[in-house]
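What follows is a short report on a single structure.
The values are calculated or read from the model by the stated rules, or taken from the named source; none is laboratory data. Just so it is clear, the model here is predicted, and its values are computed rather than measured. Cβ placement follows ideal geometry from the backbone for every residue including glycine, while neighbour counts extend to all protein chains displayed. SASA here: full protein model, heavy atoms, side chains in, ligands and nucleic acids out. Shrake-Rupley method; radii C 1.70, N 1.55, O 1.52, S 1.80 Å.
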Amino acid sequence: MRVPRATTARSAYALGSSASEGSGTGGSARDDASFMRRALELARKGWGQTAPNPMVGAVVVRDGVIVGEGYHTTFGAAHAETEALRAAGERAEGATVYVTLEPCAHQGKTPPCANALIQARVARVVVAVRDPNPDAAGGVELLRAAGIAVTVGVVESEARELDAPFFHSFVEKRPWITLKLAISLDAALADAAGHSRWITSDESRRVVHEMRAGSDAVGVGIGTALADDPSLTVRDAPAPRRAPTRVVFDRAARLPVGSVLASTARTVPTVVVAESPPMARVKALQAAGVRVVDAPSLRVGLEALGDSGVRSLLVEGGARFAGALIGAGLVDRLVIFQGSAIFGAGALGAFAFVPPTEVERAPRWRALERREIGTDTMMLFAPPSGD
């Protein structure tokens, strides 16, 4: 998952070389990359609307000029290629089509996009990345069999980063996990008295709500749930197609039935991931509409979420849970919003519960993006193990 806005970072799922597969015909590598990045911009317009499908964009180019554009607007709607071909009309014949994901080759909620491209008599198709879904893949072969030149792998890493949870779901049972931390200038999550509202600016909080809108679930540890009584809903961003599930990682199922999360569980799906919790607590939460997952370990609990359709999980705290996730190697992206206040002695460090490591052996997280948001600095990191 990405922070809402384009990123040029190399994805943890950019496997091998991103050199084109097959030379194809037509445009220069620079032109191909430029048109594909436009297709990625279009794909991002589907943020929060396409799940469980990926975000996909397409551009039709003839004689170096864009003559049609489209993107997957919402789950169940026409795919990007179909929209772009419709916009191009007769100008699609002999044109080059740029698409961020391999055109599908199967009949799903919509007809196969590969067939639509063949029927439009396009001359060339440029694909950013192959579809990992075995039920949908094979469009490249259909196109080539029809005599259409195909190039694969243009701006591949950016396309994989855009839809990272989608690609991740075909290699891992657990969700793609993005850990978001709002910290002070001295890297604290709360001051000495335990207060944490508000460390960062209104602008940063709006970005976080956009991140929520693009996530299948939003999670916190029980400490944060008890201290802040959050709602974990999307408010300062366009509403997603479906509200993200709220998840509390709570070994003993201590979440109060009168909390905002439990009392609104019948309106917005709410899950407590516990470990052999007292049955009385389980029954009380279930009576309030909360789903309780009893898992013997954090990973098993996460895999249970994956089994229920959660492909992307945005974790928003707190320090103990963040430490557990980092320590277990379960964080795929780390997003830090750093404010300008200094809390000083006694403040709760953001990484106070990460297992200690010697300087020489400390893992070096890779910086993918850095930008200013209001009075804050936003930083996006990938774990050291990624490509």
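Would the stretch 126-149 turn up any residue that is within 18 Å of Phe35 (Cβ to Cβ), open to solvent by 40 Å² or more (accessible area, probe 1.4 Å), touching a residue at least 12 places away in the same chain (Cβ under 8 Å) and touching a strand residue (DSSP E or B) at 6+ places or on another chain (Cβ under 8 Å)?
No, the stretch 126-149 contains no residue that is within 18 Å of Phe35 (Cβ to Cβ), open to solvent by 40 Å² or more (accessible area, probe 1.4 Å), touching a residue at least 12 places away in the same chain (Cβ under 8 Å) and touching a strand residue (DSSP E or B) at 6+ places or on another chain (Cβ under 8 Å).
Among the residues of the stretch 214-224, write down those that are at pLDDT 95 or above, open to solvent by 10 Å² or more (accessible area, probe 1.4 Å) and more than 10 Å from the chain's Cα centre (by Cα).
The one that is at pLDDT 95 or above, open to solvent by 10 Å² or more (accessible area, probe 1.4 Å) and more than 10 Å from the chain's Cα centre (by Cα): Ile222.
From Ala95, Ala33, grab the single residue that is over 27 Å from Asp216 (Cα atoms) and touching a residue at least 40 places away in the same chain (Cβ under 8 Å). Spell out the reasoning first.
Numbers: Ala95 fails: touching a residue at least 40 places away in the same chain (Cβ under 8 Å).
It is Ala33.
Are any of the residues in the stretch 361-374 aliphatic (A, V, I, L, M), in a strand (DSSP E or B), under 18 Å from the mean Cα position of the chain (by Cα) and over 16 Å from Met211 (Cβ atoms)? Step through it out loud before you land on a result.
Applying the first criterion (aliphatic (A, V, I, L, M)) to the stretch 361-374 yields 362, 367-368, 373.
Still in the running and in a strand (DSSP E or B): 367-368, 373.
Still in the running and under 18 Å from the mean Cα position of the chain (by Cα): 367-368.
Of the ones still in play, those that are also over 16 Å from Met211 (Cβ atoms) are 367.
Yes: one or more hits.
Output the number of the condition that Ala159 fails; it satisfies all remaining conditions of (1) under 13 Å from Met36 (Cα atoms); (2) free of Cβ contacts under 8 Å to residues at least 60 places away in the same chain.
Status for Ala159: all satisfied but (2).
Being of a type in the set (D, E, K, R), open to solvent by less than 60 Å² (accessible area, probe 1.4 Å) and modelled with pLDDT under 95 is true for just one of Arg10, Arg44, Arg2. Which residue is that?
Numbers: Arg10 fails: open to solvent by less than 60 Å² (accessible area, probe 1.4 Å); Arg44 fails: modelled with pLDDT under 95.
So the residue among Arg10, Arg44, Arg2 that is of a type in the set (D, E, K, R), open to solvent by less than 60 Å² (accessible area, probe 1.4 Å) and modelled with pLDDT under 95 is Arg2.
Of everything in the stretch 123-140 that's of a type outside the set (A, V, I, L, M, F, W, C) and out of contact with any Phe, Trp or Tyr (no Cβ under 9 Å at 6 or more places or on another chain), which residue is farthest from Leu85 (Cα to Cα)?
Kept after step one, since they are of a type outside the set (A, V, I, L, M, F, W, C), are these residues of the stretch 123-140: 124, 130-135, 138-139.
If we keep only those that are out of contact with any Phe, Trp or Tyr (no Cβ under 9 Å at 6 or more places or on another chain) too, we end up with 124, 130-131, 135, 138-139.
Values: Arg124: 13, Arg130: 20, Asp131: 20, Asp135: 23, Gly138: 20, Gly139: 16 Å.
Out of the qualifying residues, it is Asp135.
Go through (1) at pLDDT below 95; (2) of a type outside the set (D, E, K, R); (3) surrounded by 14 or more Cβ atoms within 10 Å (Cβ to Cβ) for Leu380 and report which single condition fails.
Going through the list (1) at pLDDT below 95; (2) of a type outside the set (D, E, K, R); (3) surrounded by 14 or more Cβ atoms within 10 Å (Cβ to Cβ), Leu380 breaks only (1).
Sort out which residues of the stretch 228-279 are more than 22 Å from His195 (Cβ to Cβ) and among the hydroxyl-bearing types (Ser, Thr, Tyr), and write them in order of number.
Within the stretch 228-279, Thr233, Thr245, Ser263, Thr264, Thr267, Thr270, Ser276 meet the criteria.
Condition test on Ala227, is it under 30 Å from Thr377 (Cβ atoms), open to solvent by 30 Å² or more (accessible area, probe 1.4 Å), touching a residue at least 60 places away in the same chain (Cβ under 8 Å) and in a helix (DSSP H, G or I)?
yes
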